[in-house]
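The values are calculated or read from the model by the stated rules, or taken from the named source; none is laboratory data. As the structure is a computational prediction, the values presented were derived from the model and not from experiment. Positions of Cβ are backbone-derived with ideal geometry, glycine not excepted, and every protein chain shown enters the neighbour counts. The protein model used for the area step is the full one, side chains on, heavy atoms only, and it has no ligands, DNA or RNA in it. Shrake-Rupley method; radii C 1.70, N 1.55, O 1.52, S 1.80 Å.
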Amino acid sequence: MTRFTVSITASDADIDELGHVNNAVWVRWIQDIAVAHWAAVAPPEHQAAYVWVVTRHEIDYRGNVVAGETVTGETWVPDPPKGARFDRHVRFTGADGKVKVEAVTTWAMLDRATGRLHRVRDEIAAPFRD
């Protein structure tokens, strides 16, 4: 399985009234890393033909991040797709090496032209599995 990583630094706009990254921001970051992974590994013809939508998020918040702090986001797809869907795992780790957030999100692939669910064929899944 291919793992994809990004670094994200929390800005003042990401911080809530408790002084740490807001839960809604973590959800945005989860989506951002997934989209970046797709853009990095999928061939242009797949990107032009298909779009992904989230059908489920399961998120565990394990630590806080403050403005100016950088986390490393890592995502991977450990299992083959099931029809039009697959589960993506995401983990954000702080500079201290501690996991701040872990998530499993379920994504469904849609045909851009029709807006209908489309089975994830082997050649579409391959870049995430190699």
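Can you give the alpha-carbon Rg of the chain over 2.2 N^0.38 Å, where N counts its residues? Intermediate values should be presented prior to the final figure.
Values: Rg = 15.4 Å, N = 130, 2.2 N^0.38 = 14.0 Å.
Relative to the 2.2 N^0.38 Å estimate, the chain comes out at 1.10.
Taking only protein heavy atoms and a 1.4 Å probe, the accessible area of the chain is 49% carbon and sulfur.
Please give me, ordered by residue number, the trypsin sites (Lys or Arg not before Pro) of the stretch 64-103 that lie in loop per DSSP and have at most 16 other Cβ atoms within 10 Å.
Working: sites: Lys82, Arg85, Arg88, Arg91, Lys98, Lys100; in loops: Lys98.
Hits after loop and neighbour filter: Lys98.
Per residue, the accessible area of the chain comes to 54 Å² when a 1.4 Å probe rolls over the protein heavy atoms. May I ask you to derive the relative contact order of the chain, considering only C-alpha pairs under 8 Å and at least 6 residues apart, and to give it as an integer percent? Averaging sequence separation for qualifying contacts and normalising by length gives 31 percent for the chain.
A crude spin-label estimate for the pair Val51 and Thr106, with each label 7 Å from Cα along the Cβ direction, gives 2.2 nm. Placing dummy labels 7 Å off each Cα toward the beta-carbon, the span from Thr2 to Glu58 is 2.6 nm.
Would you mind classifying the stretch 42-98 by shape? Square roots of the alpha carbon gyration tensor eigenvalues, ordered a ≥ b ≥ c; an a/c under 1.5 is rounded, otherwise it is prolate if a/b is larger than b/c and oblate if not.
Details: a/c = 2.67, a/b = 1.95, b/c = 1.37.
Note, shape of the stretch 42-98 comes out prolate.
Here the sum of -39500 (n - 2.57) over DSSP H runs of 4 or more residues, divided by the residues of the chain, equals -7500 deg cm²/dmol at 222 nm, to the nearest 500.
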